[in-house]
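Beneath this line is the structure, given in structure tokens, with notes to follow.
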Amino acid sequence: MYITTKYINPFTDFGFKRIFGSEESKPLLISFLNDLLPIEHKIKDITFNKNEYPGMLKEDRKAIFDITCKDEKDNIFIVELQRAEQTFFQDRALYYTTFPIQEQATRGKWNFELTPIYFVGLLNFSVFPTDKAGFYPNYLHYGQIIDKYRNEVMYDKLTFIYIELPKFQKSEKELSNHLEKWLWFFNQLETLQEIPEVFKGDENFKKAFHLAELAQMTPEERTTYEQNLKAYRDYINTLDTALQKGYEKGIQKGIEKGIQKGIQKGIQKGIQKGIQKGIQKGIQKGIQKGKEEGSKQKAIEIAKNLLDVLDNETISKKTGLTIQEIENLRK
């Protein structure tokens, strides 16, 4: 594969870990985490932990994280880059936090005191509907266990921070804080050919661009990255294809359901209209028949009064009755 870009794609496994997951990139991860956390939780140093956690039993599913680390206060951080939408992403995030929780259970006597755990998800898709512009940016979500009646934090040792990167739409000139610079960096890195002016005065970003530059890689790293990039693009292409097929199938199913519903509604309307028309015709026919029967009855009464004074033919002319009907009256 021939790559013409200057910087790596940070949404690949290799790219993300090169920028945030090595001893050399520690200051960058500390900078990013400090931008996300309240000021009282500022991190001074971190220690990278293992990335793979086996289940408690042999048949249990294991968890493999992008990055896990611990700060000087023993706070645990799970940092995940989610490259594509996942139906049960939040369930997965919660499941991942159970591994470092279980690992804190010491042998022997233990009072169940836990170390705080932070799950940080950099998401290349949206989890929540787009909010209207408000005090907080709609791409950033900070969740803890809340008492819904008091609207207060009930338990603060389990925190989920989600960043929906597609919702971050600011331009380079609109960047107003350090976190926004990181998000713009992730969204735009692969398209850049040089370091933008807004990043040049920051040592951490200078280092990030240096690590992300393809020219700084060894041949072995370059090969690993190219394979990783191909796998990432194949994965995205597979998802796009599935999405397109689902979209087309959805349209077809919608058309079929629309036709069925239209036919059903047409039949229903036809029945209703037929019933209505039938009722109207029945009423009109009944009125007409009533009128006809009323007129004939009147003619019969007149004919009865004329039987003694006129012949059958004359009575027929005067009343409209037939000769046979008049003869029946005489009998």
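A few points about this structure:
- Inspection of segment 173-186 finds a residue satisfying the criterion of being basic (Lys, Arg), modelled with pLDDT of 90 or more, surrounded by 13 or more Cβ atoms within 10 Å (Cβ to Cβ) and under 25 Å from residue 232 (Cα atoms).
- Of all positions in segment 113-130, none carries a residue that is farther than 28 Å from residue 71 by Cβ, in a helix (DSSP H, G or I), assigned by TED's automatic domain parsing to the domain that holds residue 38 and at pLDDT below 95.
- Qualifying position, being free of Cβ contacts under 8 Å to residues at least 60 places away in the same chain and within 29 Å of the chain's Cα centre (by Cα), among 32, 20, 48, 16: 20
- Restricting segment 135-167 to residues that are among the hydrophobic types (A, V, I, L, M, F, W, C) and surrounded by fewer than 18 Cβ atoms within 10 Å (Cβ to Cβ), the residue that is modelled with the lowest pLDDT is 135.
- Segment 93-107 residues that are surrounded by 14 or more Cβ atoms within 10 Å (Cβ to Cβ), paired with ones that are among the hydroxyl-bearing types (Ser, Thr, Tyr) (beta carbon under 7 Å, 6 or more apart): 99/53; 104/115
Here's the yes/no breakdown for (1) polar (S, T, N, Q); (2) closer than 25 Å to residue 22 by Cβ; (3) assigned to a helix (DSSP H, G or I); (4) over 31 Å from the mean Cα position of the chain (by Cα):
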{"position": "163", "(1), (2), (3), (4)": "no, yes, no, no"}
{"position": "166", "(1), (2), (3), (4)": "no, no, yes, no"}
{"position": "182", "(1), (2), (3), (4)": "no, yes, yes, no"}
{"position": "186", "(1), (2), (3), (4)": "no, yes, yes, no"}
{"position": "207", "(1), (2), (3), (4)": "no, yes, yes, yes"}
{"position": "222", "(1), (2), (3), (4)": "no, yes, yes, yes"}
{"position": "230", "(1), (2), (3), (4)": "no, yes, yes, no"}
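- Inspection of segment 32-42 identifies no residue that is among the aliphatic types (A, V, I, L, M), within 30 Å of residue 234 (Cβ to Cβ) and modelled with pLDDT of 90 or more.
- Candidates are the residues of segment 43-64 that are modelled with pLDDT of 85 or more and loosely packed, with under 14 Cβ neighbours inside 10 Å; the one that is farthest from residue 80 (Cα to Cα) is 44.
- Search result, residues across segment 81-96 that are in a helix (DSSP H, G or I) and within 17 Å of residue 141 (Cα to Cα): 89, 90, 91, 92, 93, 94
Conditions tested, residue by residue: (1) under 18 Å from residue 211 (Cα atoms); (2) assigned by TED's automatic domain parsing to the domain that holds residue 195; (3) among the basic types (Lys, Arg).
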site	(1), (2), (3)
4	yes, no, no
18	yes, yes, yes
24	yes, yes, no
28	yes, yes, no
32	yes, yes, no
35	no, yes, no
40	no, yes, no
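The values are calculated or read from the model by the stated rules, or taken from the named source; none is laboratory data. A quick note: this is a predicted structure, and the numbers were derived from the prediction, not measured. Please note: Cβ atoms are built from the backbone with ideal geometry, for glycine as well, and neighbour counts cover all protein chains shown.
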